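S.K.: Next up is a structure, given as structure tokens.
The values are calculated or read from the model by the stated rules, or taken from the named source; none is laboratory data. Given the structure is predicted, the values throughout are model-derived calculations rather than measurements. Because the Cβ atoms are built from the backbone with ideal geometry, glycine has one as well, and the counts that use them run over all protein chains shown. The accessibility values were calculated without ligands, DNA or RNA, using every heavy atom of the protein model including side chains. Shrake-Rupley method; radii C 1.70, N 1.55, O 1.52, S 1.80 Å.
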Amino acid sequence: MSYLLLLLVHLLCAAFWVGGMATLHFAVRPAAVATLEPPLRLRTMAAALRRFFVGVDASVTLLFVSGVAMILMTGGFRGVHWRVEAMMGIAIVMAAIYVYIRASVFRALRRSVEESAWPVAAARLDMVRKLVSLNLALGVAVFAVAILGRAS
């Protein structure tokens, strides 16, 4: 696979993940809060997150595979620019946060929605919101490093 094709896959996956978090955080969630009663809102958000996370699973995997492949194609980790190291470091933190959301908090959210435990579900969804906000900020930082780091 060529470097440019790997870069395209990498950028599309990053845009999907970060853009999806922004869409859910700034559009879907506020619209659900404004228009839906809590039980329906919690069901809707759990369903939307479930669908989004399927894409994020693939995106995170492809981000790491394409990123490492591009590093190896350009001579390995020894000669990478500081911005590549910074992007990799932030990406590892983002992936760890995502794995925690996916494996723990979201699982508890889905279980509480299935049991109609609405206060518990609301607390879990709020935790997802806070962690997604953190990951969104980190994702924006990765884009900033990628673009602004080219100048140095």
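S.K.: Rounded to whole Hz and in sequence order, give me ³J(HN,Hα) for region 118-125 from the Karplus expression 6.51 cos²θ - 1.76 cosθ + 1.60, θ = phi - 60°, writing x for Gly and Pro.
M.R.: For region 118-125, the Karplus-derived couplings read 5, x, 5, 4, 4, 5, 5, 5 Hz, x marking Gly and Pro.
S.K.: While we're here: For region 1-114, compute the orientation-averaged projected area of the C-alpha convex hull (one quarter of its surface), in nm².
M.R.: 7.9 nm²
S.K.: Where the only charges are on Cβ atoms (+1 Lys, Arg; -1 Asp, Glu), what is the dipole of the chain about its Cα centre, to the nearest 20 debye?
M.R.: 120 debye
S.K.: Excluding ligands, DNA and RNA, what is the solvent-accessible area per residue of the chain at a probe of 1.4 Å, expressed in Å²?
M.R.: Heavy-atom accessible area per residue stands at 56 Å².
S.K.: Something else now. Once you place label points 7 Å from the Cα toward the Cβ at residue 99 and residue 3, how far apart are they in nm?
M.R.: It is 3.0 nm.
S.K.: Along the charge dipole of the chain, Cβ charges K/R +1 and D/E -1, which of 42, 31, 81 sits furthest on the positive end?
M.R.: My answer, from the dipole projection, is 42.
S.K.: In addition: Residues in region 110-152, backbone N under 20 Å from the label point at residue 85 (7 Å along the Cα-to-beta-carbon vector): list them, ranges by number please.
M.R.: Output list for this probe position: 141-152.
S.K.: Roll a 1.4 angstrom probe over the protein heavy atoms and tell me the percent of accessible area of the chain that is carbon or sulfur.
M.R.: 70 percent
S.K.: Calculate one ³J(HN,Hα) per residue across region 41-57 by plugging θ = phi - 60° into the Karplus curve 6.51 cos²θ - 1.76 cosθ + 1.60, and present them in order as whole Hz with x for glycine and proline.
M.R.: 4, 5, 4, 5, 5, 4, 5, 5, 5, 4, 5, 4, 5, 4, x, 5, 3
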